[in-house]
Amino acid sequence: MYIFSLAFPVHIVYIKFQKKSFRGKIIVIHERTVYMIKRIYRQKGFTLMKEKVILAYSGGLDTTAIIPWLKETYGYEVICCCVDCGQEEELNGLDERAKLCGASKLYIEDIVDEFCDDYIVPCVQANAVYENKYLLGTSMARPGIAKKLVEIARKEGATAICHGATGKGNDQIRFELSIKALAPDLKIIAPWRDSNWKLQSRQDEIDYCKAHGIHLPFSVDSSYSRDRNLWHISHEGLELEDPSLEPNYEHLLVLTTPPEKAPDEGEYVTMTFEKGVPTSVNGKKMKVSDIIRELNTLGGKHGIGIIDIVENRVVGMKSRGVYETPGGTILMEAHEQLEELVLDRATMEVKKDMGNKLAQIVYEGKWFTPLREAVQAFVESTQEYVTGEVKFKLYKGNIIKAGTTSPYSLYSESLASFTTGDLYDHHDADGFITLFGLPLKVRAMKMLELQKENNKNN
């Protein structure tokens, strides 16, 4: 007998009978009947083949508790997949933990370079920043993770993908939209929205794990809710849930030194770009992932990239978070510094709008859409001449310009200086200002005329 879940709590059951007349018969039954059928057919010696589910596994309390829950509630064979986007030491011990909790297998898939080249770089080129502050660290990683989950599901012949995102957050949308776009045939299981999920707190999850013989070093309230990858680390929870309270940076920060404790002496950094892609730091050529690592070290040392934001989630509520993005903040600023020199005004204006649009697209989980492709194509076209060197100083949370050069610079010293150059005559401004200000002058004259008429009538 093969059991294939159609939609909870209904199941499709495919039964292998010996008689030809019954072979291949498909029956739709309620989940309450599944247990009895399994029991009967085990007694008869029939083979039961479990459906496989791919669990997006972080090693945290939520996804750890989900492993036995999936097995107990729906009888799945649970295959965990942890997608490495630069979590570093957070990956330690995951294999042992996953199998201890009942997973049959754990994949740890390294997509760090793909994350940097295919997701981070396009957002940097677009200067995509959500609500003027958030550099999209979590948002950018989700489509790459979802893509890998789908790949593993295909490899294992799984029928479903499960994630541990809550029903209040953005990640459920990002994961599920990506999975739907890449594999519309796969079921998506979201325990926090499942009526069979009864665990409503960290304590509930801890107690559930203990009841299933799983004893892990999780506590109820000792830490923030965090998400980490190569680009950033986010913090939510504890005192951050009250916007009136100042963050406890001594307790909170992981990547970054508080600005007031940063070195008293600034540090100069040079970077080069080719067609909008970073290529070196301080004269050393590196791939993008290593550049971000280097900038994380430099930025973290000097207190760069700490933001405290109350953002508007996709689901409609406001939430407060603190984000550390030291290397990302430097990279975005350096790229903008170069674009100021190279791009013309009209392109800059439209590109700013496209950057805001891409930020919204990424934040809302719509990476695998024609709109994202179109916006990215426009941005890439603007990067043809974004090549050159930028220099800046890092000092106590600040990035201070120290010079920019490019072979494609549109800056002309002779034009910008107060001396008269060959391309510009001060007297040319007379006609320009007359025409440029003509609508204002006409309106003012009309208003003055009306005022005189009103005065006469009164």
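In the stretch 100-147, which residue that is farther than 13 Å from ALA56 by Cβ and among the basic types (Lys, Arg) is surrounded by the most Cβ atoms within 10 Å (Cβ to Cβ)?
LYS105
Select the helices (runs of 4 or more DSSP H) contained entirely in the stretch 359-455, then report the ones holding at least 2 residues which are surrounded by fewer than 17 Cβ atoms within 10 Å (Cβ to Cβ) and at pLDDT 90 or above.
Values: elements: 370-382, 413-416, 428-436.
Passing ranges, in order: 370-382, 428-436.
Can you tell me which residue among GLU109, GLU72, GLU90, GLU51 is modelled with pLDDT of 55 or more and touching a helix residue (DSSP H, G or I) at 6+ places or on another chain (Cβ under 6 Å)? Show your work before the answer.
Working: GLU72 fails: touching a helix residue (DSSP H, G or I) at 6+ places or on another chain (Cβ under 6 Å); GLU90 fails: touching a helix residue (DSSP H, G or I) at 6+ places or on another chain (Cβ under 6 Å); GLU51 fails: touching a helix residue (DSSP H, G or I) at 6+ places or on another chain (Cβ under 6 Å).
When all the criteria are applied, what remains is GLU109.
Among the candidates GLY213, GLY266, GLY237, GLY303, which residue alone is small (Gly, Ala, Ser), touching a residue at least 24 places away in the same chain (Cβ under 8 Å) and surrounded by fewer than 18 Cβ atoms within 10 Å (Cβ to Cβ)? Step through it out loud before you land on a result.
Values: GLY213 fails: touching a residue at least 24 places away in the same chain (Cβ under 8 Å); GLY237 fails: touching a residue at least 24 places away in the same chain (Cβ under 8 Å); GLY303 fails: surrounded by fewer than 18 Cβ atoms within 10 Å (Cβ to Cβ).
Unique residue meeting the criteria: GLY266.
Specify which of the listed residues (ILE206, ILE179) is among the hydrophobic types (A, V, I, L, M, F, W, C) and at pLDDT below 95. Let's see the steps before the verdict.
Numbers: ILE179 fails: at pLDDT below 95.
After ruling out the rest, the residue left standing is ILE206.
Output yes when any residue across the stretch 94-109 is over 19 Å from the mean Cα position of the chain (by Cα) and of a type in the set (Phe, Trp, Tyr), and no when none is.
Yes, there is a match, as at least one residue in the stretch 94-109 is over 19 Å from the mean Cα position of the chain (by Cα) and of a type in the set (Phe, Trp, Tyr).
Being among the aliphatic types (A, V, I, L, M) and either under 14 Å from the mean Cα position of the chain (by Cα) or within 17 Å of LYS366 (Cβ to Cβ) (or both) is the filter; apply it to the stretch 158-181 and report the residue that is surrounded by the most Cβ atoms within 10 Å (Cβ to Cβ).
At the first step, the residues of the stretch 158-181 found to be among the aliphatic types (A, V, I, L, M) are 158, 160-161, 165, 173, 177, 179, 181.
Checking which are either under 14 Å from the mean Cα position of the chain (by Cα) or within 17 Å of LYS366 (Cβ to Cβ) (or both) leaves us with 165, 173, 177, 179, 181.
Values: ALA165: 21, ILE173: 18, LEU177: 19, ILE179: 24, ALA181: 17.
For the stretch 158-181, the residue satisfying everything is ILE179.
Spot the failing condition for GLU151; the list is (1) surrounded by fewer than 21 Cβ atoms within 10 Å (Cβ to Cβ); (2) over 30 Å from GLU51 (Cα atoms), and only one is missed.
(2)
Mind listing just one residue for me: the one in the stretch 56-77 that is in contact with a Pro (Cβ under 9 Å, 6 or more places away or on another chain) and under 22 Å from PRO217 (Cα atoms) and, of those, surrounded by the most Cβ atoms within 10 Å (Cβ to Cβ)?
Of the residues in the stretch 56-77, the ones in contact with a Pro (Cβ under 9 Å, 6 or more places away or on another chain) are 62, 65-66, 69-70, 73.
Add one more test, that the residue is under 22 Å from PRO217 (Cα atoms), and what stays is 62, 65-66, 69-70.
On the way: ASP62: 20, ALA65: 26, ILE66: 28, TRP69: 25, LEU70: 21.
This residue is ILE66.
Pick out the one residue from ILE67, ILE120, ILE79 that is under 19 Å from HIS163 (Cα atoms) and either free of Cβ contacts under 8 Å to residues at least 60 places away in the same chain or in contact with a Gly (Cβ under 9 Å, 6 or more places away or on another chain) (or both).
Details: ILE120 fails: under 19 Å from HIS163 (Cα atoms); ILE79 fails: either free of Cβ contacts under 8 Å to residues at least 60 places away in the same chain or in contact with a Gly (Cβ under 9 Å, 6 or more places away or on another chain) (or both).
Going through ILE67, ILE120, ILE79 in turn, the sole match is ILE67.
The values are calculated or read from the model by the stated rules, or taken from the named source; none is laboratory data. Every value quoted in this text rests on a predicted model; they were computed, and no experiment measured them. In this analysis, Cβ positions are derived from the backbone assuming ideal geometry, glycine residues included, and neighbour counts consider all displayed protein chains.
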